[in-house]
Amino acid sequence: MDLSPDALNALWLSAKIAVLALPAYLLGAVAIAYALQFGLKRAAWLDALVTVPLVFPPVVIGFALLWLLGRESPLGQALKAVGVNFVFTLSGLWLAALIAGLPLAVKTLQTALQTQPRVWHDIALTLGRSPRNVYLTMHLPIALPALFGGLLLALARGMGEVGMSLMLGGNIIGRTETLSLAIFNTVTTGDYAQAGLLSVMLGGFSLLLFAAVRFLQNRELSKHDVLHPS
């Protein structure tokens, strides 16, 4: 069975969002993990903010974003004045994928940083290096497998996002219908064959990402054994 034109468009849209979201996952994870681990003395509020999307219903977050960024809200009107619109647009789908996936990238990298001996950081500081320099040249290279694994987890989560994408994107077929929303729509209309094919594609992509994450986790465990020999 072939994919319908609408399904192909949804597949292409999801791929475009993934490509656009990946650099944001990378930059966001590196910056926020640094702030949580080394940059802020009291980062509990930031840690809570990053964790919220992991435990809060996505549809509720999507509704809150729609209310906050809607055309009638003060922020929405201010953004519209400078040509930015997150409601029923590709930008909104990108934002939904970013909020859904970024916490996984941040938490994975943060956990890897916490396993590194703190004494390394303190010694580097006594040698006159700045905290940011130590992070970028010592801590981050050691944690690269964890960072890559977190990026893959974030990508999988962002690709499968439904609740926030539905609220911000509006689920407009041919315009803001992502692959996960296309599965929802085809099931709703009773086209189970098309829904099954799309589900296999999305599930297969997620399994590939999972296999890659497992490979990176094994590398990280091997590196941890070297850093912390029994």
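Screening the stretch 182-192 for residues that are assigned to a helix (DSSP H, G or I) and β-branched (V, I, T) and picking the one that is surrounded by the fewest Cβ atoms within 10 Å (Cβ to Cβ) gives T188.
Out of everything in the stretch 72-124 that is assigned to a loop (DSSP other than H, G, I, E, B) and in contact (Cβ under 8 Å) with a residue 24 or more places away in the chain, what residue ends up being nearest to N218 (Cα to Cα)? Per the criteria, the residue is T115. In the set (1) aromatic (F, W, Y); (2) at pLDDT below 90; (3) under 25 Å from K16 (Cβ atoms), the condition left unmet by W94 is number (2).
Select, from L153, L168, L136, L179, the only residue that is closer than 19 Å to L36 by Cβ, within 20 Å of the chain's Cα centre (by Cα) and either surrounded by 14 or more Cβ atoms within 10 Å (Cβ to Cβ) or not aromatic (F, W, Y) (or both). Answer to the selection: L153.
The set of residues from the stretch 99-113 being among the hydrophobic types (A, V, I, L, M, F, W, C) and out of contact with any Phe, Trp or Tyr (no Cβ under 7 Å at 6 or more places or on another chain) comprises I99, A100, L104, V106, L109, A112, L113. Looking at the stretch 1-45, which of the residues that are in contact (Cβ under 8 Å) with a residue 60 or more places away in the chain, among the hydrophobic types (A, V, I, L, M, F, W, C) and in a loop (DSSP other than H, G, I, E, B) is farthest from I173 (Cα to Cα)? Looking at residues that are in contact (Cβ under 8 Å) with a residue 60 or more places away in the chain, among the hydrophobic types (A, V, I, L, M, F, W, C) and in a loop (DSSP other than H, G, I, E, B), I get M1.
The values are calculated or read from the model by the stated rules, or taken from the named source; none is laboratory data. The shown structure was predicted, so the numbers you read here are calculated from the model rather than taken from an experiment. All Cβ positions, glycine included, derive from the backbone under ideal geometry; neighbour counts span all protein chains shown.
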